[in-house]
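Engineer: Can you keep this structure in mind? I'll have questions shortly.
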Amino acid sequence: MSYEKNLNDAAKSAEKVVQDSAAVELLAEQAHQKARKAEGKLKGLKKDLDVLVRLARAWATGKYRDISWASIAVVVGAVIYFVNPFDALPDFFPLIGFSDDLSVIGFAVLKLRRELDKFNDWENEVTLVAKKKKD
């Protein structure tokens, strides 16, 4: 099974979703709900999934656009793959049902590490500026 192929297929689906901020918001909410239910199964990737979701939301609302179209499609594609319960290994299979989800998220994070670090820096700067304005 090729996780890169699965991610690329999901990224193609993402091209339509990413253009609709309401669809991205719904996808983000679905990802949060699934992550909450599967918290123990996500291992160390919960924080990475959260970053992917926040980046998708920021892009969809127009707050953050310092990322290529191909990269944002991979971000949203990884989240779509995670949310889809009937992916390569359906989530209802005990023990292995989330392994493909984790692999796709992990692959996306590795592929986009620089983009995610850049986004985290931007988020930290926005938070710092907002805090200074508040004080």
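Engineer: List, please: which pairs have Cβ atoms under 8 Å, are six or more places apart or on different chains, and start with a residue in the stretch 29-44 that is closer than 9 Å to Phe82 by Cβ and end with one that is surrounded by fewer than 13 Cβ atoms within 10 Å (Cβ to Cβ) and of a type outside the set (Ser, Thr, Tyr)?
Structural biologist: Between residues of the stretch 29-44 that are closer than 9 Å to Phe82 by Cβ and residues that are surrounded by fewer than 13 Cβ atoms within 10 Å (Cβ to Cβ) and of a type outside the set (Ser, Thr, Tyr), there is no close pair.
Yes/no matrix, rows are residues, columns are (1) under 13 Å from the mean Cα position of the chain (by Cα); (2) part of a loop (DSSP other than H, G, I, E, B); (3) at positive phi:
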position: Ala28; (1), (2), (3): yes, no, no
position: His32; (1), (2), (3): yes, no, no
position: Arg36; (1), (2), (3): no, no, no
position: Gly40; (1), (2), (3): no, no, no
position: Lys47; (1), (2), (3): yes, no, no
position: Arg54; (1), (2), (3): yes, no, no
position: Trp59; (1), (2), (3): yes, no, no
position: Lys63; (1), (2), (3): no, yes, no
position: Ser71; (1), (2), (3): yes, no, no
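Engineer: Given (1) crowded, with 16+ Cβ neighbours inside 10 Å; (2) modelled with pLDDT under 95; (3) acidic (Asp, Glu), where does Glu115 come up short, assuming only one miss?
Structural biologist: It fails just one condition, (2).
Engineer: Also: Would you point out which residue out of Ala14, Ala10, Ala38, Ala31 is at pLDDT 85 or above and surrounded by 14 or more Cβ atoms within 10 Å (Cβ to Cβ)?
Structural biologist: Ala31
Engineer: Hey, another quick one. Please count how many residues of the stretch 41-58 are of a type in the set (Gly, Ala, Ser) and modelled with pLDDT under 85.
Structural biologist: Counting residues in the stretch 41-58 that are of a type in the set (Gly, Ala, Ser) and modelled with pLDDT under 85 gives 1.
The values are calculated or read from the model by the stated rules, or taken from the named source; none is laboratory data. Only a predicted model underlies this, so the values are computations on that prediction, with no experimental measurement involved. For neighbour counting, all protein chains shown are included, and Cβ atoms are generated from backbone atoms with ideal geometry for every residue, glycine included.
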